[in-house]
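Read through the structure below, which is laid out as structure tokens, and then see the notes.
FYI, it's all coordinate maths here, none of it is from the lab. Please read these numbers as outputs of a predicted model, since none were measured by experiment. Note: ideal-geometry Cβ built from the backbone for every residue, glycine included; neighbour counts use all protein chains shown.
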Amino acid sequence: MRICTFKKAALLSLFLVLAFSGISFGQNISVTATVDKNSLTLEDSLQLSIVINRTKNTPPPQLPSLTDFKVASAGTSSSTQYINTQRSVSITYKYRLTPMNTGAIVIGPAKVQINGKNYSTQAITVEVQKASSSTTNTNKAAFVEASLSSKKAYLGEQLVYTFRLFHRVEAKNLNLQLPFDKSWFSKEELGEPKTYIKVVNGLQYHVQELSIALFPLKNGLVEVPSAIIELDLYHRAQGRNGLDPFNQIFRDPFFGRGVQPEHKVLRSQPLSVVVLPLPVRAPKGFKNLIGQFKITAELGKRDLEVGDTTTLTVTVSGRGNVRDISFDEPDLKNLFKIYPDKPEFKQTVHDNQIRGEKVFKFALVPLEAGSRTLPEFSLPYFDSKSAQYRIAKTNPIFLYIKPSSAKENLNFVQSRQQDKLMTKPEIETLGTDILPIYTELDKLQSDSSHSLIFMGAGFGSPVVLFIISAFLMKRQNRMKYDVPFYRRRNAYKNASQRLKQMQEHSDSKEFARELSEILREYVGDKLNLQGKAITAEEVQVRLKESNYASLQAEETRKLLEKCETLQYAPMTQGSTKQLLGESENLIKVLEKQS
Amino acid sequence: MKHSNIISFLLFILLTLATTLPAGASDYLNDIVRANTLYAEKRYAESIQVYESLIHEGASNGYLHYNLGNAYIRMGKTGPAILNYIHAQEWIPRDENLAANLKFAIQQTQDKIEPPPLGTLNILFFWVNDFNINELVYFAIIMNLVFWVTLTLWMNFPFLKVARNAFLGVLLLSFVSIGVKIINESNLKLGVVLAENVDVKSGRAVDAITLFQLHEGALVTVTDRHDDWLEVRLNDEQKGWVPQKSLGT
């Protein structure tokens, strides 16, 4: 319950405040205009404030015509105040007025329309005077000066206009206008402004200096109007508590305390110059070049053959408008092929005078042998110091061109005339025809397509050869490392050889023993056994186990037993031969069965 | 001895097959000489008869077709001349004289149609166009031999593995080249208009609409064959049917 009561009371209070406020918004609206000073010099500016009381939602005021001032907005501020429950609001529009003329100047009423009703401010009269003691800059926080390099100049001669700003306090927001009549002068910048410190009458000033080159375009007495610079000067207040460290800190411009800004408009004195016309009887080829100039010419390579390349360098330097200098190609009468390069230009500013150097390069290719003289280059100009026309010249260059040691035609350096003389004549096509027939019989042999047999042999034979080779190599390897295989493969060969050698034996006992040994070793090799150690019975059994025919196994056993018997009983010549034959036949049969 | 005998026998077979001349080789050469002589004597019609009879009997030689093409040019028959030059290209694709004479012959035609541009496959296997099928087969046979020899040697000398793989790659590439050549010769069949004029029809009928007209010597690509009609194509847009007898392929 208490909470509800409190809420109702708060809402009622708010309603009442707003109700009274609403009444005050609609009543007693006033618009006033004030200036921060009503007497000033041309160097100063004043602040016009238009205050609209008891309302905030208003359009900007309509300012009167202010032809004697330069007007710039200085911002808007609003305020709300409560005095004895009375709420007071206002909005202030601020303008900075810079006087352009002297005298009593009336700032007319400004108008503003609020809720359909027009309100006006009162008129204000301000007194504008010339800058005090403008000829002397004694003890000023800031002043400007302008100067011309000469009060007299020839048409097109370079004049240097120098503007200097002297300031003892910090200067910011500089806005410089250098008015001059473009119909009377052409202008060229002379680099970035210079900053230095200068002591004037014992006071140290920071100086910012800007120079521009002016080239008169017309004859007569010409006035260079005042240069105008707008700037803000920041004056530091001289506090008494200089030793207070906190005061020191908060006087820093960063905190905006202890610094008094002042908007200033400084004008330089107008200057005048007499522009004189150039004297008559200008030399031939004169192209309005005024100043002092030098010209040199150099040849890169002097030991030349026809077709070689050398570079002719012409350098023009001096004070004046060097940038505008140009040269035509030297007239070398088809003795040289000339390739002009893009000129190189460098400008320097020395003692506020434009100096420049322009380099012209021509690649020269001699077309004919012989002694040659490169003609001189001349540069007519008007010397403003001596008030005379002069002609700067190069020295002629002598050189001897040798005949070319290369025999090929130098097509790439030929002049048009040479092109005609040396162009390879085109061979005119008088007719076309087919090329002749072939008569070589070896070429005309019939190319029959490859038969399948040929292609099969061509592609298949290497495969067959590979298989055979692989087989042979495999077998060879097996013979090296597989002992049973080696014995089995060589059993018949060894037995046959030994049987042939048996023919010459005369001793029947020895014959029977050796024959028995041959047979047993053959069977041993075939069955991978120790042949000499096995008996006739074992031979029969092993042969049967190895899938030899039973008949041959039995015959082998019998033959071995026969040999053993004969080792103890003598044999005739005929029976040894018969036994030998039986043995050979048996081995052949066994070999076939293996 | 036994193995060496087998190898010797195989080599003998190979050499015999490679060097065997066709039967009647001497008569063939005599006819060639006679035809060339007739050509030299400017008896072009007679030389054409001899050349044509040789081709009819089965002789196939690029230079023979080239000579026959020349004889036709001399007779003013650009159609058969271009046809024979095209046939000659199958055997002697790198011959400069042939290329020059074919160009000359095409310039003599009214339509001046150049041979169709190479397809993607031919651009990829660019070397195939510079060799005839026999050369590609010979190359494949040699590479086949080299590969199997290298394979055999590799069994005893393992460091030859890289060479073995390289030769295998070349061998496979040579097989693919032969395949591309065969595809070219079967798919890109060129035809030459032999008649003085030929109407290219929209269908396989004499009363079909005439789409465009070709003249003797015009080169076309034959894309289809149906009864006595051939479908020919000049480009992607111009194609139609012509009587088979008016076109040489």
Place a label point 7 angstrom from the Cα of B:Lys42 along the Cα-to-Cβ direction, then list the residues of the range B:50-89 whose backbone nitrogen is under 16 Å away.
B:71-76
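Report the percentage of all Cα-Cα pairs in chain B whose separation exceeds 33 Å, rounded to a whole percent. Display every interim value, and only then the final one.
Numbers: 11191 of 30876 pairs.
Tail fraction, whole percent: 36.
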Rounded to whole Å and sorted largest first, list the principal axis extents of the Cα atoms in the range B:58-199.
67, 30, 24
Whole percent per 5 Å bin, from 0 to the bin with the longest distance: what is P(r) over all C-alpha pairs of the range A:481-593?
2, 13, 24, 26, 19, 10, 4, 1, 0
Enter the mean number of other protein chain beta carbons within 10 Å of the beta carbon of each residue in B:57-70, as an integer.
4
Residues whose placed amide H lies under 5 Å from that of A:Asn321, excluding near-sequence neighbours
A:Ile290
Given the DSSP H assignment, sum -39500 (n - 2.57) over each helix run of at least 4 residues in chain B and divide by its residue total; what's the result at 222 nm in deg cm²/dmol, nearest 500?
-19000 deg cm²/dmol
Cα-based Rg (one decimal) and Dmax (whole number) for the range A:23-129, in Å?
15.1, 48
Run the simple label-point estimate for A:Phe485 and A:Asn57 please: 7 Å along Cα→C-beta, distance reported in nm.
11.5
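Can you give the FRET efficiency to the nearest 0.05 for A:Gln86 and A:Lys130, using r as the Cβ-Cβ distance and R₀ = 60 Å? Each step should come with its number before you reach the end.
Working: r = 48 Å, r/R0 = 0.79.
It comes out at approximately 0.80.
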Rg/Rh for the range B:189-248 to two decimals, with Rh computed the Kirkwood way over all alpha-carbon pairs.
0.90
Could you pull the Rg and Dmax for the range B:126-180, using just the Cα atoms, both in Å?
12.5, 39
Filtered trypsin sites (Lys or Arg not before Pro), the range A:48-125: DSSP coil and at most 14 other beta carbons within 10 Å
A:Lys56
Considering amide H positions built from the backbone, and no H for Pro or chain starts, which residues 5 or more places from A:Lys337, or on another chain, come under 5 Å of its amide H?
A:Val365, A:Leu367
Given points 7 Å out from each Cα along the Cα-Cβ axis, report the B:Asp27 to A:Gln530 separation in nanometres with one decimal.
8.0
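Tell me, Kirkwood radius of the protein assembly as shown from alpha-carbon pair distances, in Å?
Hydrodynamic radius (Kirkwood, Cα pairs) of the protein assembly as shown is 44.5 Å.
Could you pull out the trypsin sites (Lys or Arg not before Pro) across the range A:151-227 that fall in loop regions by DSSP (anything but H, G, I, E, B) with no more than 13 other Cβ atoms inside 10 Å?
On the way: sites: A:Lys151, A:Lys152, A:Arg164, A:Arg168, A:Lys172, A:Lys182, A:Lys187, A:Lys194, A:Lys198, A:Lys218; in loops: A:Lys151, A:Arg168, A:Lys182, A:Lys218.
Those that pass, being in a loop and sparsely packed, are A:Lys151, A:Lys182, A:Lys218.
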Where does the Debye-calculated log10 I(q)/I(0) of the range A:155-224 sit at q = 0.18 Å⁻¹, using only Cα point scatterers of equal weight, no solvent?
-0.78
Using θ = phi - 60° and Karplus 6.51 cos²θ - 1.76 cosθ + 1.60, couplings along the range A:358-364 (whole Hz; Gly, Pro as x):
10, 10, 10, 10, 10, 7, 10
